[in-house]
Amino acid sequence: MPAAISTNTLIPTSLVTSKPEVCPQPESASTAESIGNATRLEEDDIEILQIAVWFHDIGYIDVSDGHEEKSAEYARNFLAEIEYPRDKIEKVE
């Protein structure tokens, strides 16, 4: 099982460089963490929320219509590659 991942380095550079306008700003993940803390989410759920924020619009790299599904695909593939737990991947999707 992999160690906890840092959302500061989560998104591969290859996904970020082609269309930086679709990539979330670091403040988005920070805001997600603040909301998670304010609503008393468990630490694992905050991590999942932050990862979902990072991947949310990344599908716009390829398509406008259906970008949500493409974003989920990017998240699923990347997280599986780094051996992130399957049950957590399903929550991110």
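Got a sec to turn the phi values of the range 56-69 into Karplus ³J(HN,Hα) couplings, 6.51 cos²θ - 1.76 cosθ + 1.60 with θ = phi - 60°, whole Hz, x for Gly and Pro?
3J(HN,Hα) across the range 56-69, in whole Hz: 3, 10, 4, x, 4, 4, 9, 8, 8, 6, x, 4, 4, 5.
In sequence order, what are the phi-derived ³J(HN,Hα) couplings for the range 29-41 according to the Karplus relation 6.51 cos²θ - 1.76 cosθ + 1.60 with θ = phi - 60°, rounded to whole Hz, with x for glycine and proline?
With the stated coefficients, the range 29-41 comes to 5, 5, 5, 4, 5, 4, 5, x, 5, 5, 9, 6, 5 Hz.
Ranking request for peptides 82-89, 44-51: highest mean number of other beta-carbon atoms within 10 Å first, then the rest in descending order. Before the final figure, lay out the partial values.
Working: 82-89: 13.1, 44-51: 19.6.
In decreasing order of mean packing, 82-89, 44-51 become 44-51, 82-89.
Given a Förster distance of 41 Å, report the FRET efficiency between Arg86 and Asp65 from their Cβ-Cβ distance, rounded to the nearest 0.05. Don't skip to the answer; put the middle values down first.
On the way: r = 28 Å, r/R0 = 0.69.
Using R0 = 41 Å, I get an efficiency of 0.90.
Which whole-number percent is the relative contact order of the range 42-93 (Cα, under 8 Å, 6+ apart)? Display every interim value, and only then the final one.
Numbers: 47 pairs, mean separation 17.5, N = 52.
Computed value for the range 42-93: 34 percent relative contact order.
Between Ser28 and Glu42, with labels modelled 7 Å along Cα→Cβ, what's the label distance in nm to one decimal, could you check?
The modelled label-to-label distance comes out at 2.6 nm.
Kindly write out, for the range 78-83 in residue order, the coupling ³J(HN,Hα) from the Karplus curve 6.51 cos²θ - 1.76 cosθ + 1.60 (θ = phi - 60°), rounded to whole Hz, with x marking Gly and Pro.
Once θ is set to phi - 60°, the couplings for the range 78-83 become 5, 5, 5, 4, 8, 6 Hz.
All of the numbers you see were taken from the coordinates with simple rules; none came from a lab. Keep in mind that what you see is a predicted model, and the values were worked out from it rather than measured. Counting neighbours? That spans all protein chains shown, and the Cβs are built from the backbone with ideal geometry, glycine included.
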